[in-house]
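Scroll down for the structure; my scribbles are underneath it.
FYI, it's all coordinate maths here, none of it is from the lab. All figures in this text were calculated on a predicted structure; none of them were measured in a lab. Note: ideal-geometry Cβ built from the backbone for every residue, glycine included; neighbour counts use all protein chains shown.
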Amino acid sequence: VWRFSEGVGIATNNVAEYRGVILGMKQALKKGFRDISVQGDSNLVCMQIQGIWKLKNQNIIALGNEAKAFKDKFRTFEIRHILREFNSEADALANQAVQLRDGQVQEALITK
């Protein structure tokens, strides 16, 4: 399992969620993965990437379109919403990312 954190500077939670999903997809492609399953605690982002909900906010249209373009590069792609209380690992990564500069990426390989 690979985990990544990226500094996003001053941004809304939706921008941060999109940048996290995009970072994950970029890294998965870079590492040669073609089938991925994404879990996110932003229902908005999950539904928009699936195309179920429309992208309306001008601040995230470009990010939404970028995420959809990356999604199409995978042989199989699944994204599902999970409740925040079941996503404590992502919260921990987000708290670490607060210390990172905008665009700085921190990577960790977790073996179980």
In order over the range 46-63: 3J(HN,Hα) from phi, Karplus 6.51/-1.76/1.60, θ = phi - 60°, whole Hz, x for each Gly or Pro, gives 4, 5, 5, 5, 6, x, 6, 10, 6, 7, 10, 6, 4, 6, 10, 4, 4, 5
Env charge @ Arg75, Cβ radius under 14 Å, K,R +1 / D,E -1, value 0
